[in-house]
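For reference, the structure I am asking about is given below.
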There are 2 protein chains.
Amino acid sequence: MTEPKTPEVAATTAPAKKHARDGKPNATIYDIAKVAGVNPSTVSRALSKPGRVSAKTQKLIEDAAAELNYQVNPFARALPTGRTNTFGLIVADITNPTFFDIIRGAETTATLRDYTLVLAESAESAVTELTAARRMMATVDGLILASPRMDDDDIRTLARDKPVVVINREVDGVPCVVPDVNKGISEAVRSLAANGHHKVAFVAGPLQSWMSARRWEGVQAACEWSRIEAVRLESTKPTVDGGRQVARDVRASGATAVLTYNDLLAIGLMQELQAAGMVVPDQISIVGFDDIFGADFTTPPLTTVRSPLGECGSGAAALLLDLLHGTGEPAGTLRVETELVLRGSSGRLLPAG
Amino acid sequence: MTEPKTPEVAATTAPAKKHARDGKPNATIYDIAKVAGVNPSTVSRALSKPGRVSAKTQKLIEDAAAELNYQVNPFARALPTGRTNTFGLIVADITNPTFFDIIRGAETTATLRDYTLVLAESAESAVTELTAARRMMATVDGLILASPRMDDDDIRTLARDKPVVVINREVDGVPCVVPDVNKGISEAVRSLAANGHHKVAFVAGPLQSWMSARRWEGVQAACEWSRIEAVRLESTKPTVDGGRQVARDVRASGATAVLTYNDLLAIGLMQELQAAGMVVPDQISIVGFDDIFGADFTTPPLTTVRSPLGECGSGAAALLLDLLHGTGEPAGTLRVETELVLRGSSGRLLPAG
DNA sequence: CGCCTTTTGTCAACCGGTTGCCATAAATTG
DNA sequence: CAATTTATGGCAACCGGTTGACAAAAGGCG
């Protein structure tokens, strides 16, 4: 029936070089030159240096190109110029939904400006990340690092080579895109305070995470402002599972509201607390961060501080493209706003009954 | 005039061509040749044709290469050979979690075999997809199409040019990777039948979706086998929102169990039914397809027929790599198993009370 | 030891664009 | 109308590898 492998080896050992697989080789500027009756270099200019050739020859060449269905050979172009119209995006974990919107945002902006996005994953490891970055550097015009794990110095070293933009972290001397947590956090804390909470717990993310530190700072500041108590708890890992594991500490802390480093933690935490019989939000309020895909699948749906991830991605791409084309180097930090997305997992505390 | 080659570049207005941004140009095989005292072509052979040069010169060259920190220029290599060690993956929607695992699986396998994955999105449009595919064809060695929207003929045309592998669809003459729905579906339907359900509804996906058709066929067959009734309902779009919209039809159908084309639909449907006061699974059982990220965030967690998406991605990548390196062309269809993941959203029907 | 086969390294011709320099034609100016 | 500037196209030298053809060197054999 359906054999998994049908090794019909005997086919033709296709040498297949310039003719991809069929018989017709791709048209080159030399072909166009022949058809249009001009020199190849003129064709090259007509196609890449607007205004360098007369309108008449321009048209002649364009017609010939269209007729031959010409498309540039990117390698031939890249060889002498070094430009590839490509840039790289490195994320820590492709399956982490936090990055989905970043990827999409970057992809969209790239495509819009005729660039191609090349994606790589670092598997949450600083060395893999650096390796991937190095490898990419050879083939791209610029690089976006989303929540990078490597050293500031490594990043700066890369940035000396080609334009680099960092998302979700600030590195001196390198253009960055970071969500400004303050607005979202203060909205969240004010909402909790208004609902009668006096003590909130913050479940932190990885210790090396720049963003986790910012969020904890933000929570402390907002709590101080609202005159409520803030305690910090550590998580083992920033995942659903990590959230489950931290549930004990959360209950022990005596806090009636929890903010977690990210939505994944919040979801795991909520599952575990509910499994233990607690009612959310009547007995405890839970607020996540990021508003990832699936944050509204839970019952109750998760209240969260949204980072405009898509905006981060497209912002970083735009920054990079400006760097590549612009004359000077602005290289500032782009801050994007966060906001509270109020759903069902936070609310008024019911008197114990 | 000065010497033809002056390594110490006057550090003025950086023309920045081969020297990325700093002063040191990348080492080339010519540099290695000079250091090792051999001809550039010998260097080229030593580095790419194992066994073509003597062990002695091999070592000499490798040492020189290491000393100069040489890395090949991919463009220079691609130009004469056409090989890029790169392949493309086109997905309909980067933010659709169905593709996450596919992407990751393909990425992992690619990296493992020293290939780079280039990702593109078709935004669910057949024309965008074809455009993206065409564009990619110029720069990659092969292409993976995940749940493609374009015509069979377009796919075959692409496949004539370079190796193409299709995921989640069968196209004659093109190697494919498809989950075999039967096992998973029959498990699901048997489970429903065993729980006392006599009538199940199938909420279909897009009409052009090859996979939706297969799933409906599978459901019909399994229901016939279990002697229970199956009805088909249409959805407007295969998303959470589409699931909400189809809730009315589901209730009107009188079915006590529902299988939906994908998890997104199932989640939306469940949300809507619960909002209307129905209890899942006591009053109605819901089963999705795919086991996407977030399928277990819901309350109750979603029962679903899992497709090994990661396996599909890595399988497709492996197939493609075999095609690229293998001598002949197996070009068969790779079938992967599906299985039922029993969670809380399906179960015994409670007598109406 | 001469003849023949098998390594092993060199030469040179690409791959397909880009770009500096130059010659010519066209346009501008005194 | 000559002199000078400017627009336009051609020539040729790259970019950095790959590879077929070939010659020199090495090894095998009678």
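Quick one: grab the alpha carbon gyration tensor of chain A, order the square roots of its eigenvalues as a ≥ b ≥ c, and give me rounded if a/c is under 1.5, else prolate or oblate depending on whether a/b is larger than b/c.
Details: a/c = 2.97, a/b = 2.14, b/c = 1.39.
Note, shape of chain A comes out prolate.
Specify the inter-centroid distance of segment B:84-111 and segment B:197-258, based on alpha-carbon positions, in whole Å.
Taking the Cα centre of each part, segment B:84-111 and segment B:197-258 sit 29 Å apart.
Tell me, what is the FRET efficiency for A:Asp180 and A:Asp152 to the nearest 0.05, using R0 = 30 angstrom and their Cβ-Cβ distance as r? Could the numbers behind the result be given before it?
Working: r = 20 Å, r/R0 = 0.67.
The computed FRET efficiency comes out at 0.90.
Testing the spin-label approximation: label points 7 Å from Cα along Cα→Cβ at B:Ala252 and B:Lys199. State their distance in nm.
Going from the B:Ala252 label point to the B:Lys199 one covers 1.4 nm.
Determine the per residue accessible area of segment B:180-307 with all protein chains present and a 1.4 angstrom probe, expressed in square angstrom. Walk me through the numbers on the way to the answer.
Details: 4870 Å² over 128 residues.
Solvent-accessible surface per residue comes out at 38 Å².
Across the residues of A:77-83, average count of Cβ atoms on other protein chains within 10 Å?
Details: counts 2, 7, 7, 3, 2, 7, 1.
Across the residues of A:77-83, the mean count of other-chain Cβ atoms within 10 Å is 4.
Let me ask something additional. So what is the relative contact order for chain B, in percent, with contacts set as C-alpha pairs under 8 Å and at least six apart?
Values: 671 pairs, mean separation 57.3, N = 353.
Reported relative contact order: 16 percent.
OK, next. Have a look at segment A:45-97 and give its Rg and Dmax from the Cα atoms, expressed in angstrom.
Rg, Dmax (Cα atoms, Å): 17.5, 54.
Oh, and also: Taking each residue in A:129-136, count the Cβ atoms of any other chain within 10 Å of its Cβ, then average. What number comes out?
1
While we're looking at this one, here's another question. Would you mind giving the mean number of other chain beta-carbons within 10 Å of the Cβ of each residue in A:116-126, as a whole number? Could the numbers behind the result be given before it?
Numbers: counts 8, 5, 6, 9, 6, 6, 0, 4, 0, 0, 0.
Shielding by partners across A:116-126 averages 4.
Here's a follow-up. With the label 7 angstrom out along Cα to Cβ, how close does B:Asp152 come to the same site in each of the other copies, in nm, nearest first?
6.0
Place a label point 7 angstrom from the Cα of A:Leu112 along the Cα-to-Cβ direction, then list the residues of segment A:290-309 whose backbone nitrogen is under 15 Å away.
A:309
Using a probe radius of 1.4 Å on protein heavy atoms only, what is the accessible area buried between chains A and B, both sides summed, to the nearest 100 Å²? Intermediate values should be presented prior to the final figure.
Details: alone 18920 and 18680 Å², together 32730 Å².
Answer for the A-B pair: about 4900 Å² buried.
Another question, then. Kindly give the distances from A:Glu337 to its copy-mates, label point to label point, with each label point 7 Å from Cα along Cα→Cβ, as nm values to one decimal ordered shortest first.
Nearest first, the other copies' label points are 5.3 nm away.
Compute the separation of the alpha-carbon centres of segment A:266-293 and segment A:172-192 and state it in Å as a whole number.
Segment A:266-293 and segment A:172-192 have Cα centres spaced 22 Å from each other.
For a quick check of understanding: with a 1.4 angstrom probe and all protein chains in place, what accessible area in square angstrom does B:Asp114 have, to the nearest ten?
Its heavy atoms expose roughly 90 Å² to the probe.
Now for a different question. Above 32 Å lies some portion of the pair distances; for the protein assembly as shown, what is it as a whole percent of all C-alpha pairs?
Numbers: 148194 of 248865 pairs.
So the pairs more than 32 Å apart make up 60 percent of the total in the protein assembly as shown.
So, one more: What nm distance separates the two modelled labels at B:Arg190 and A:Trp225, each placed 7 Å from Cα along Cα→Cβ?
It is 6.0 nm.
With the dipole of chain B worked out from charges on the C-beta (+1 for Lys and Arg, -1 for Asp and Glu) around the Cα centre, which of B:Gly184, B:Ala27, B:Pro40 lies farthest toward the positive end?
B:Pro40
Let me ask another. Which order do you get for B:Val177, B:Val240 if you rank them by accessible area with a 1.4 Å probe, largest at the top?
Working: B:Val177 0, B:Val240 25 Å².
Solvent-accessible surface, decreasing: B:Val240, B:Val177.
Also, quick follow-up: Could you tell me which of rounded, prolate or oblate describes segment A:180-308, using a ≥ b ≥ c as the square roots of the eigenvalues of the alpha-carbon gyration tensor, with rounded for a/c under 1.5 and, failing that, prolate when a/b is larger than b/c and oblate otherwise? It would help to have the intermediate numbers written out before the result.
Details: a/c = 1.31, a/b = 1.13, b/c = 1.16.
Judged from the Cα gyration tensor, segment A:180-308 comes out rounded (a/c under 1.5).
Now for a separate question. Along Cα→Cβ at 7 Å, what distances in nm separate the B:Thr81 label point from those on the other copies, shortest first?
Here the equivalent label points are 2.4 nm apart from this one.
The values are calculated or read from the model by the stated rules, or taken from the named source; none is laboratory data. None of these values were measured; they are calculated from a predicted model. A quick note on method: Cβ atoms are made from the backbone with ideal geometry, for glycine too, and the neighbour counts reach across all protein chains shown. Protein only, heavy atoms only, side chains kept; ligands, DNA and RNA dropped before computing areas. Shrake-Rupley method; radii C 1.70, N 1.55, O 1.52, S 1.80 Å.
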